[in-house]
Each structure stands twice: as C-alpha cells, then as structure tokens.
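Everything below concerns the one structure shown next.
What follows is calculated from the coordinates using simple rules that are stated; it is not laboratory data. It should be emphasised that the depicted structure is a prediction, and the values quoted were computed from it without experimental measurement. Here Cβ is always computed from backbone atoms with ideal geometry, including for glycine, and neighbour counts include all displayed protein chains.
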Amino acid sequence: MRMTLNDIGKAMRSVLSAMVRAAWGITLCAGGLAVGIAGEILLGMLNFMFGILTALLSVVAAIGIFIWLLTL
C-alpha cells in the first residue's frame, strides 16, 4: 500500500489537531488555576479584614461596657 500526499495530509492534520487540543486544554487548566488562586487570595484578604473589624468592634464594646460599669 502506497501513501499518497492526501494520506500524509490527513495524518498531519490529525497530529496537529491533537497538539492544538492538548495545548488548549493546558491553557484552560492553567487559566482556571490562576483564577482559583486569585480568588482564594482575595477571599483570604476579605476574611482577614472582617476578622480585624470584628476584633476592633469587640474591643470597643468591652471598653464601652467597662466605662458603663464605672458610671453606675
């Protein structure tokens, strides 16, 4: 059986198609990973800020209660 140029072209097309699909899959995976990491960093910062806010409000409330008790 002889290979013609048409057969070689089909083989090259399928090989290139597989390479492009693999590259696209890797790109999507890396993009999803980057978005996930960025989201976790942002949510961690938000969680940290709410923690600081909660701590400050607790200290203010404790000081307020202490001052209120001193005025009784």
Checking the condition among the polar types (S, T, N, Q) and under 23 Å from the mean Cα position of the chain (by Cα), which residue from T54, T27 passes? T27
Apart from one, (1) more than 19 Å from the chain's Cα centre (by Cα); (2) surrounded by 10 or more Cβ atoms within 10 Å (Cβ to Cβ) all hold for L70; the odd one out is (2)
Quick check on I26: is it surrounded by 10 or more Cβ atoms within 10 Å (Cβ to Cβ) and aliphatic (A, V, I, L, M)? yes
The condition of being surrounded by fewer than 10 Cβ atoms within 10 Å (Cβ to Cβ) and basic (K, R) holds, among R21, R2, R13, only for R2
